[in-house]
1. Listed here are the pairs K36/K60; K12/K56; K39/K72; K37/K62; K12/K36; which of them are more than 19 Å apart at the Cα?
2. Using 0.36 nm per residue, how much length does the chain from N93 to S2 gain when fully extended, once their Cα-Cα distance is taken away?
3. Please list 3J(HN,Hα) in residue order for the stretch 65-75, calculated via the Karplus relation 6.51 cos²θ - 1.76 cosθ + 1.60 where θ = phi - 60°; whole Hz, with x for glycine and proline.
4. Between T40 and Y68, what FRET efficiency follows from the Cβ-Cβ distance if R0 is 22 Å, with the result rounded to 0.05?
5. Working from the pairwise distances between different alpha carbons, so that the mean of 1/r is found and then inverted, what is the stretch 3-101's Kirkwood radius in Å?
6. FRET efficiency for N23 and K60, Cβ-Cβ distance as r, R0 = 22 Å, nearest 0.05?
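Read the figures in this text as sums done on the coordinates, not as results from a lab. The structure displayed is predicted, hence computed values, not measured ones. For neighbour counting, all protein chains shown are included, and Cβ atoms are generated from backbone atoms with ideal geometry for every residue, glycine included.
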Amino acid sequence: MSIEDVIDNLAKEVDGENGTDENILIFTLSTCMWCKKCKTFLNDRNLKYRYVEVDKIDLKDKSTILNYLREKYDARISYPFLVCESGHVVGYNPNQYEELFNK
């Protein structure tokens, strides 16, 4: 099974009326206040996105996802970890989100 399949099986989708070509995906922790703020940021803009709550998945899948993020984005792992077509943002940073979505 490919990493894309693993993510597709785990990700929950949030519909938004403001569609974007960005294909937004965030990796979060269910108890993290910054992750909740990231979701609120996206919800307030009525954006469609998918998310994976990393603390609620199988340890094997978690390991697979973390290795993928480290290899693909060469970044430290911190949550929320937002990925979209224009790039990625580690941690909660609304200014960087706006920059990505307005490219």
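1. K36/K60; K39/K72; K37/K62
2. 29.8 nm
3. Using θ = phi - 60°, the values come out as 5, 4, 4, 4, 4, 4, 6, 6, 9, 6, 10 Hz.
4. With a Förster radius of 22 Å, E is 0.25.
5. Kirkwood hydrodynamic radius for the stretch 3-101: 13.5 Å.
6. On the way: r = 25 Å, r/R0 = 1.14.
Efficiency computed from Cβ-Cβ geometry: 0.30.
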